[in-house]
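Chemist: I'd like to ask you about the structure that follows.
The values are calculated or read from the model by the stated rules, or taken from the named source; none is laboratory data. Bear in mind that the values here come from a model prediction, so they are computed numbers and not experimental data. Glycine gets a Cβ as well: all are built from the backbone with ideal geometry, and neighbour counts include every protein chain shown. In case anyone asks, the SASA skips ligands and DNA or RNA and just uses the protein heavy atoms, side chains included. Shrake-Rupley method; radii C 1.70, N 1.55, O 1.52, S 1.80 Å.
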Amino acid sequence: MSLTVVCISASVWESTLFGQMKKAKEPRGKLFFLFVSTMVSTIIFILYVTGTSPVEYFSPPRPEPPKICPVGTAEHTITPLNNTDHFLVSAFMDQRVKGFDLRIISIFKTNSAKPLYCLFCCAGQLSNTTPTNILQHTEKFGFLFVTADIMCQIPQNCNATHVTLQTKPERVKALDQLWLPIRNQKTKGNEEKKLQFNFTVCISNLFGGINNVLQFVQTLEMYRLLGVDRVVIYNTSCGPELDLLLKSYSRTGFLEIVPWPIDLFLSPSWGWLYSLSGGDVHYFGQLATLNECVYRSMDRSRYVLLNDIDEIIMPYQHNNLMSLMNTLQQQHPKTGVFLIENHVFPKTVFEPSKRFHLPKWDEVPGFNILEHIYREDPDRTKYHPHKLIVQPRLVEQVSVHDVLKAFGTTYKVPPDVCRIIHVRGSLRGKLDAKELNEDTRLWDFHEKLIPNVDKALERAGLLRSEPAL
């Protein structure tokens, strides 16, 4: 600011006012002139101190430049990447790996690797591109399409809200490319915050029109009794009754349904190994959904349970999951991954007294897990699978039965402390009850479990409410 300009402007103002006051020749005019002179001097002082010219001080604010991104935001969970054979799933802020700010969960074609570049939308403006580091997960099971993490840095002074990828380093407007919103923004830095949930269960991949309603509702209500706050499920297809149940749970907020239309883009395998079942990608993209769910839950849940729809991770020495994990974390404070051993309860072997064979459930599709209390001994001469309880902030990449990359240690929980109740077909051939182990742990919860199952079925319109006596 030029002080001379301010003073000249003030002098002209004072001269004009003085001339007018002189003509007035009245005491009232002199008092008014004194007041105005004082105000002018005050304004001059303020402008001098702040370094602002009169023009700047009184000019309107400059308009912000118009936003040019994002043009279109991805509305689905699977987004084809232009000019490649790859698919993007979700983008998450993740600064736990040195040199990177962002992780994009993707499904990657292994024989089509090309350099990729991140392009960010910074508060409505395009950034310069940054190179990526593509980390294909090591468990591929022979399939052509695998889960991969695409890592990149955010440019300095960029308040990034969305990201897209391109095959060339030159910045383009990407008018035909969909942008991914960047999630977990609040994990940036080291700040701590109160998490929304203690326990989230991630259930991957409903497909093939599955309609096992009764087992699913029993599993959800059992998890609710054990202290689970949220269940996330990835749905490709399910039967009509199960669809009604899912929507009913979704309305309560307990269940989060993530659409997973993998069959619209690839020919997904119905099995885990390419040499046995063929297809483009393992088990309808199961590995991508498990990893997506871990990162989806990272900023809101203390623990994440990774298991299938027909499995319950059950504590045997504690009444709920929180007391179990408090004990385990006290014993193993640096552990972020807890492996829970799988135990099969053959669905072909029934409890003979039929104590929990309830006729009111006969018309509900699926089978009643309370009728199956006989447990197989695992064949420990062969590989025996586990499922996981993880602290999501201490893991980087997960698989179905183990963690591929983690920041903490791993602990195998003894089966007498916690095991999986897995009601399914037998793994050891046709065995009768005398060759199995009686295990009535589920019955410990029947007084609350049965009425809760009834209420959930009634809410979904799948069970008629019993008339009051």
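Chemist: Cβ-Cβ below 8 Å, separation at least six or inter-chain, first residue in the range 433-456 and closer than 19 Å to PRO315 by Cα, second surrounded by 14 or more Cβ atoms within 10 Å (Cβ to Cβ) and basic (Lys, Arg): which pairs?
Modeler: If the second residue must be surrounded by 14 or more Cβ atoms within 10 Å (Cβ to Cβ) and basic (Lys, Arg), the pairs left are ASN437/ARG375; GLU438/ARG375; ASP439/ARG375.
Chemist: Could I ask something else about it? Is it the case, given these coordinates, that VAL97 is over 22 Å from GLY285 (Cα atoms), open to solvent by less than 50 Å² (accessible area, probe 1.4 Å), among the β-branched types (Val, Ile, Thr) and part of a loop (DSSP other than H, G, I, E, B)? Talk me through it step by step, then tell me what you get.
Modeler: On the way: over 22 Å from GLY285 (Cα atoms): yes; open to solvent by less than 50 Å² (accessible area, probe 1.4 Å): yes; among the β-branched types (Val, Ile, Thr): yes; part of a loop (DSSP other than H, G, I, E, B): yes.
Considered against the rule, which asks whether it is over 22 Å from GLY285 (Cα atoms), open to solvent by less than 50 Å² (accessible area, probe 1.4 Å), among the β-branched types (Val, Ile, Thr) and part of a loop (DSSP other than H, G, I, E, B), VAL97 comes out as yes.
Chemist: Quickly run through the range 82-129 and pick out the residues that are under 19 Å from LYS140 (Cα atoms) and within 17 Å of the chain's Cα centre (by Cα).
Modeler: Listed by number, the residues that qualify are LEU88, VAL89, ILE104, ILE105, SER106, ILE107.
Chemist: Determine which single condition SER204 fails, assuming it passes every other condition in (1) in a strand (DSSP E or B); (2) surrounded by fewer than 17 Cβ atoms within 10 Å (Cβ to Cβ); (3) of a type in the set (S, T, N, Q).
Modeler: (2)
Chemist: Starting from the range 137-159, keep only residues that are under 11 Å from GLN397 (Cβ atoms) and open to solvent by less than 70 Å² (accessible area, probe 1.4 Å), then list their pairs with residues that are outside any strand (DSSP E or B) and modelled with pLDDT of 95 or more whose Cβ atoms are within a distance under 7 Å, requiring at least 6 positions of separation or different chains.
Modeler: HIS137/LEU287; GLU139/LEU287; GLU139/SER399; THR147/HIS137; THR147/LEU287; THR147/ALA288; THR147/ASN291; ALA148/HIS137
Chemist: Another question about this same structure. Scan the range 403-413 and give yes if some residue there is surrounded by 13 or more Cβ atoms within 10 Å (Cβ to Cβ), without any contact (Cβ under 8 Å) to a residue 12 or more places away in the chain and over 22 Å from TYR223 (Cα atoms), otherwise no.
Modeler: Within the range 403-413, one or more residues are surrounded by 13 or more Cβ atoms within 10 Å (Cβ to Cβ), without any contact (Cβ under 8 Å) to a residue 12 or more places away in the chain and over 22 Å from TYR223 (Cα atoms).
Chemist: Mind telling me which of the residues GLU371, GLU363, GLU396 ends up being within 24 Å of the chain's Cα centre (by Cα), of a type in the set (Asp, Glu) and at negative phi?
Modeler: Details: GLU371 fails: within 24 Å of the chain's Cα centre (by Cα); GLU363 fails: within 24 Å of the chain's Cα centre (by Cα).
GLU396 is the lone residue from the list that is within 24 Å of the chain's Cα centre (by Cα), of a type in the set (Asp, Glu) and at negative phi.
Chemist: I'm trying to understand the selection: among the residues of the range 207-255, which are closer than 14 Å to ILE312 by Cβ, open to solvent by 30 Å² or more (accessible area, probe 1.4 Å) and either among the aliphatic types (A, V, I, L, M) or free of Cβ contacts under 8 Å to residues at least 12 places away in the same chain (or both)?
Modeler: Result: LEU225, single match.
Chemist: Next question, about the same structure. Looking at the structure I just gave you, is GLY239 at pLDDT 95 or above and at positive phi?
Modeler: Working: at pLDDT 95 or above: yes; at positive phi: no.
It is false that GLY239 is at pLDDT 95 or above and at positive phi.
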